[in-house]
Amino acid sequence: MYSEKVIDHFTNPRNVGEIENANGVGQVGNAKCGDIMRISMVVENDVIKDIKFKTFGCGAAVATSSMVTEMVKGKSVNEALDISNAAVAEALGGLPEAKLHCSNLAADAVHEAIKDYIQKKTKV
Amino acid sequence: MKRIYLDHSATTPVDPQVAELMMVYFTEYYGNPSSVHSFGRQVHKAIDEAREKVASLIGANPSEITFTSGGTEADNLAIQGAARIRAKKGTHLITSAIEHHAVLDTFKYLAKNGYEITIVPVDEEGLVSVQDIEKAIRPDTILISIMHANNEVGSIQPVAEIGRIAREKGILFHVDAVQSLGKLPIDVNQMNVDLLTISSHKIYGPKGVGALYIRKGVRISPLVFGGSQERKVRSGTENAPGIIGFGKACELAGQRMADENIELVRLRDKLFDGILASIDRVKVNGPRGAKRLPNNVNISINFIEGESLLLSLDLVGIAGSSGSACTSGSLDPSHVLLAMGLSHEVAHGSLRLSLGRQNTDEEIDYVLQELPKIVQRLREMSPLYHKAI
Amino acid sequence: MKRIYLDHSATTPVDPQVAELMMVYFTEYYGNPSSVHSFGRQVHKAIDEAREKVASLIGANPSEITFTSGGTEADNLAIQGAARIRAKKGTHLITSAIEHHAVLDTFKYLAKNGYEITIVPVDEEGLVSVQDIEKAIRPDTILISIMHANNEVGSIQPVAEIGRIAREKGILFHVDAVQSLGKLPIDVNQMNVDLLTISSHKIYGPKGVGALYIRKGVRISPLVFGGSQERKVRSGTENAPGIIGFGKACELAGQRMADENIELVRLRDKLFDGILASIDRVKVNGPRGAKRLPNNVNISINFIEGESLLLSLDLVGIAGSSGSACTSGSLDPSHVLLAMGLSHEVAHGSLRLSLGRQNTDEEIDYVLQELPKIVQRLREMSPLYHKAI
Ligand SMILES: Cc1ncc(COP(=O)(O)O)c(C=O)c1O
Ligand SMILES: Cc1ncc(COP(=O)(O)O)c(C=O)c1O
Ligand code: FES
Ligand code: FES
């Protein structure tokens, strides 16, 4: 069902947790299946220096969360905004069809966190 | 790695005695039971014997047993078959909110095709109330379908009482006994049942075989037409090895049930008690004690999601199941847990461990050692957990 | 006593390789293929592989294969399923007079439930004419169902041409290929088929498994509802060992068909020629040569009755079948032979010997030695015989 890469990211998820002094936080819920993902990040000069996630969801949801944090860490926010849900699924070697909606969560949560960062920045 | 199978409500291994017997009918006695020649007659006789064994486990007459391809087909045959033949008498049918999809989806199909259905609710333990059924009955009610024991939470329903009421009102009563066969005593007469569904692969028999008990005198329309096998109720070349294997599985279940249940109840309660002692914020789904199947454990573990839990368990060799939406193919969590009043979130974190004949104390100990660690890890990953503390 | 099995059109033994493979899935890889855990995933994978093997034998895509409990269910699913979903488009269906009961009885059921049916005749060799089909087509025709090869007389029908016409007119085309699978090359695209029925137990696979090919894009209504297996077209826990066995049987059939057929044709013709040379007043039923299944022998032996003949053959260890009313359960002799214009009397005296993979020259010699003696004895008993001389 799941690729080895998905299982790897599920068993050894990268960047799990919550950053306390984050300046970008995004949380999305998957209305379809009731799952929740929260991303917190530290952005300096529009570059994502640190990022962590917390996810309540299935194997695919956890793996895509982990994957997306790896993909955007060290990237500029603009580059991160370009990373699509499909790209995350692809980076994991594909997801079962029934699980494709789970990957929608991961990129969306990152995008939300970036929006939060930009909003805070413009307020200051 | 150890591999511990705790998903016996999904399916069971075939008992070695059953497999061995079937083997003979694959390669040696392979005739078509409808044939005149000795290759066929031998098989015909073996099917008759299997029919007796199946009948005997549920207190029925062999002529009241119709073999099908499984529990799903038997449920459909009972419900569609009764609905079609009684359509002139009435078009209202009653069932409960926690039935298997084979029943519920058949009801929904009928609801779109000229029938009216009432789905009675259950209480927070997953029990149907006899009063609710009684209140749902109308003059045009033709069928009531209530399961004997629920496949997810193991709750045992008051079928005999419901059957008595149905009998009084002249309404057909169908019982899905797929999960209770071989685990609870079944007597179609005491239970006042007209139609009863059973399935082989849940009792250490082969997959792809089941049966519908049809009380003598009760008529139903067939679903499939053809060679007139099974007294025309179910056409198609008989799955002889499967039927014969099912017969053997019923015989073994009858012999072993009493002893086995004592052991299952002991392991079940050890599992429950162990989990409740080592993990906080755990909810037992379904009743405890005598109103629960001897082999069923079902809990909701707050703040974690079922599929992640199953995957983690699988990685340490433990096989279970969950009512999580992420395992269901559809996007909703278990309709059974929702009907019992659980929130989506809590239903998502459900875990069913269903015990079987071969499970041991050491296996349960291993689960009790691994599960808390996994829960801890997943909770640390969960955005819901810290908020809650 | 020797035991010679010449009833392969009724059913076949399970190939030892198939049985061995199934065994593993009974007792070792027994998980439910829908489960998340590794017990289930392994089985899921094996089912996928079986689906590929089945698809490959008929030139289909794996996603176009829906597993069922056998040929009868697949025929019913195709016909009832197509009729229900197309009812708004039209309610007229066409089939032939020599179809299997699984097709004909389903047509008759539909005829009683709001549909109109046309049953086209056959010629004296048991062949459907393309023109007859064409003439039967009406603007409201929604389905044509014609078998690939007949189970009683082995006649091979012009399905590709019928399919072409159906395609042109936008009518669904169903083919019952239960008897031709593994004996004739099948390509669903060349044959212009939308729905195609096959069954495992006729090709050395297990009983209780079959499949319906459903062309991509063609929709049909399910017969049974439930757990949404087989892309919701056929719910019910998958008969995993059966499906996997069927896959293996298809693989073997694909590898062996060409060589096997040469041998079958040789033995078939030896049997035909031998019988015609040693018994008088024998009529060959069905075409001879290339329009006949390689393994089918069917004759009518005047002045004797089929069941008596079968019993006598059985007593010397030979297993065959007959279109006699006495073997049919109903009181009419074979509808196939009657449709070919045989009188009741002659139809009664029919004998089908259907060859298989394991039959040998010695076995055929033995039949050719015993059959004339039996016929002689039975004719001496027959009141019709003396009158006729
Ligand atoms: C209560 C209940 N009814 C019906 C079924 C369907 O039976 P089968 O798997 O034989 O189709 C099952 C099992 O899946 C079940 O648990
Ligand atoms: C032509 C034909 N169609 C359908 C069937 C029914 O298939 P099954 O025996 O798998 O139900 C048979 C065999 O009995 C057959 O010969
Ligand atoms: S997050 Fe729900 S199916 Fe994966
Ligand atoms: S004589 Fe026996 S059934 Fe006809």
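Distances between equivalent label points of B:GLU362 across the copies, with each point positioned 7 Å along Cα→Cβ, amount to 5.2 nm, shortest listed first. Computed with a 1.4 Å probe over protein heavy atoms only, the accessible area of B:THR197 comes to about 0 Å². Phi angles of region C:190-200 translate, via the Karplus equation with coefficients 6.51, -1.76, 1.60 and θ = phi - 60°, into HN-Hα couplings of 4, 7, 6, 9, 9, 9, 9, 9, 9, 9, 6 Hz per residue; Gly and Pro are given as x.
If I take every Cα pair under 8 Å that is 6 or more residues apart in chain A, average their sequence separation and divide by the length, what percent do I get for the relative contact order?
Details: 240 pairs, mean separation 39.0, N = 124.
Relative contact order comes out at 31 percent.
A simple spin-label model places pseudo-atoms 7 Å from Cα toward Cβ; at C:ALA97 and C:GLN358 they are separated by 3.8 nm. Counting only C-alpha contacts under 8 Å and six or more residues apart, can you give the relative contact order of chain B as a whole percent? Reported relative contact order: 22 percent.
What size of dipole, in debye to the nearest 20, comes out for chain C about its Cα centre when the only charges are +1 on Lys and Arg C-beta atoms and -1 on Asp and Glu C-beta atoms? Could the numbers behind the result be given before it?
Working: 42 positive and 45 negative charges, 213 e Å.
Dipole magnitude for chain C comes out near 1020 debye.
DSSP finds beta bridges in region B:16-252, and of those with both partners inside it, around 35 percent are antiparallel.
Accessible area per residue was computed with a 1.4 Å probe on protein heavy atoms; C:ARG231 scores about 130 Å². So, in Å, what gap is there between the alpha-carbon centers of region C:175-193 and region A:79-124? A separation of 49 Å, based on Cα centres. Using a 1.4 Å probe on the protein chains only, how many percent of the accessible area of the protein assembly as shown belongs to carbon and sulfur? Result for the protein assembly as shown: 51 percent of the exposed heavy-atom area is carbon or sulfur. Extents of the protein assembly as shown, taken as max minus min of Cα coordinates on every principal axis and listed largest first, are 114, 60, 53 Å.
Annotation: amide H-H contacts under 5 Å for C:SER9 (H modelled 1.01 Å from N, sequence separation of 5 or more, or interchain): C:SER354.
Region C:108-131 and region B:45-78 have Cα centres lying 35 Å from one another. For peptide C:77-84, the mean count of partner chain Cβ atoms within 10 Å of a residue's Cβ comes to 1. With the whole protein complex present, B:ILE244 retains an accessible surface near 10 Å², based on a 1.4 Å probe.
Between the listed residues C:PRO121, B:THR141, C:VAL209, the Cα displaced farthest toward the positive end of the dipole of the protein assembly as shown, a dipole computed from Cβ unit charges relative to the Cα centre, is found at B:THR141.
Would you list which lysines come within 29 Å of B:LYS270, measuring only between C-alpha atoms, while excluding same-chain residues fewer than 8 positions from it? Within reach: B:LYS2, B:LYS183, B:LYS202, B:LYS283, B:LYS291, B:LYS373.
Could you work out how much longer the chain between C:MET1 and C:ALA111 gets when fully extended? Use 0.36 nm per residue separation minus the Cα distance between them, nm to one decimal. Provide the component values of the computation, followed by the final result.
Values: separation 110, 0.36 × 110 = 39.60 nm, distance 4.88 nm.
In short, 34.7 nm is gained.
Put simply, the amide H of C:GLU116, placed in the peptide plane, has neighbours under 5 Å in C:HIS92, C:LEU93, leaving out anything fewer than 5 places away on its chain. Distance between the pseudo-spin-label points of A:LEU81 and B:LYS169 (7 Å out from Cα toward the beta carbon): 6.3 nm.
Among B:HIS174, B:VAL14, C:PHE303, which residue has its Cα positioned farthest towards the positive end of the charge dipole of the protein assembly as shown, with +1 placed on the Cβ of Lys and Arg, -1 on the Cβ of Asp and Glu, and the dipole taken about the Cα centre? Of the candidates, B:HIS174 comes out farthest on the positive side. Entry note, chain B: the mean residue ellipticity at 222 nm calculated from DSSP H runs of n ≥ 4, each adding -39500 (n - 2.57), is -13500 deg cm²/dmol after division by the residues and rounding to the nearest 500.
Remark: the protein assembly as shown carries a charge dipole of roughly 1600 debye about the Cα centre, counting +1 on each Lys and Arg Cβ and -1 on each Asp and Glu Cβ. Classify region C:62-113: rounded, prolate or oblate, from the alpha-carbon gyration tensor (a ≥ b ≥ c, eigenvalue square roots; a/c under 1.5 rounded; otherwise prolate if a/b is larger than b/c)? Verdict is oblate for region C:62-113. Between A:VAL47 and A:SER3, the C-beta separation translates, for a Förster distance of 22 Å, into a calculated FRET efficiency of about 0.15. What is the distance in Å between the Cα centres of region A:1-50 and region C:333-389? The distance from the Cα centre of region A:1-50 to that of region C:333-389 comes to 77 Å.
Note that region C:18-32 has calculated 3J(HN,Hα) couplings of 5, 4, 4, 4, 4, 3, 4, 7, 7, 10, 10, 9, 9, x, 7 Hz, one per residue in order, obtained from phi through the Karplus relation 6.51 cos²θ - 1.76 cosθ + 1.60 (θ = phi - 60°); glycine and proline are x. For chain A, the longest principal axis of the Cα atoms and the long axis of helix A:59-72 meet at an angle of about 40 degrees. Going from the isolated chain to the complete set of protein chains, region C:91-134 loses at least 30 Å² of heavy-atom accessible area (1.4 Å probe) at C:ASP105, C:TYR109. When B:SER180, C:SER35 are compared by accessible area of protein heavy atoms, the largest-first order is C:SER35, B:SER180, using a 1.4 Å probe.
Rolling a 1.4 angstrom probe over the protein heavy atoms with all chains in place gives the protein assembly as shown an accessible area of 36 Å² per residue. Take every pair of alpha-carbon atoms less than 8 Å apart whose residues are at least six positions apart; their mean separation over the length of region B:31-173 yields a relative contact order of 18 percent.
Taking 0.36 nm per intervening residue step and subtracting the Cα-Cα distance, what contour gain separates B:SER63 from B:GLN376 on full extension?
Values: separation 313, 0.36 × 313 = 112.68 nm, distance 5.48 nm.
Gain on stretching B:SER63 to B:GLN376: 107.2 nm.
R0 = 56 Å: FRET efficiency of B:LYS291 with B:ILE85, Cβ-based, nearest 0.05? Walk me through the numbers on the way to the answer.
Working: r = 34 Å, r/R0 = 0.61.
Computed FRET efficiency for B:LYS291 and B:ILE85: 0.95.
Averaged over the residues of peptide B:230-238, the number of Cβ atoms from other protein chains lying within 10 Å of each residue's Cβ is 5. Amide H contacts under 5 Å for A:VAL16: A:PHE53, restricted to partners 5 or more places along the chain or on a different chain, H placed in the peptide plane at 1.01 Å from N.
Please state the shape class of region B:311-385: rounded when a/c is under 1.5, otherwise prolate if a/b exceeds b/c and oblate if not, all from the C-alpha gyration tensor. If you can, show how the numbers build up before the last one.
Values: a/c = 2.19, a/b = 1.38, b/c = 1.59.
Because a/c hits 1.5 or more and a/b fails to exceed b/c, region B:311-385 counts as oblate.
Scalar couplings 3J(HN,Hα) for region A:37-54, obtained by applying the Karplus form with A = 6.51, B = -1.76, C = 1.60 to θ = phi - 60°, are 9, 10, 10, 10, 9, 10, 10, 10, 6, 6, 10, 7, 7, 9, 8, 9, 10, 9 Hz; x denotes Gly and Pro.
Accessible area, 1.4 Å probe, largest first: how do C:MET381, B:MET340 sort? Spell out each step's value before the answer.
Details: C:MET381 125, B:MET340 10 Å².
Putting C:MET381, B:MET340 in descending order of accessible area: C:MET381, B:MET340.
Each chain gives up part of its surface: B and C jointly bury about 4900 Å² of accessible area, both sides summed, for a 1.4 Å probe.
Check each residue of region C:239-258 and keep those whose accessible area, probe 1.4 Å, is at least 20 Å² smaller with all protein chains in place than in the chain alone; give them in order of residue number. Correct list: C:ASN239.
The values are calculated or read from the model by the stated rules, or taken from the named source; none is laboratory data. Remember, predicted model here, so these are calculated numbers, not experimental data. All Cβ positions, even for glycine, are placed from backbone atoms using ideal geometry, and neighbour counts span all protein chains on display. Note: areas computed on protein heavy atoms with side chains; ligands, DNA, RNA excluded. Shrake-Rupley method; radii C 1.70, N 1.55, O 1.52, S 1.80 Å.
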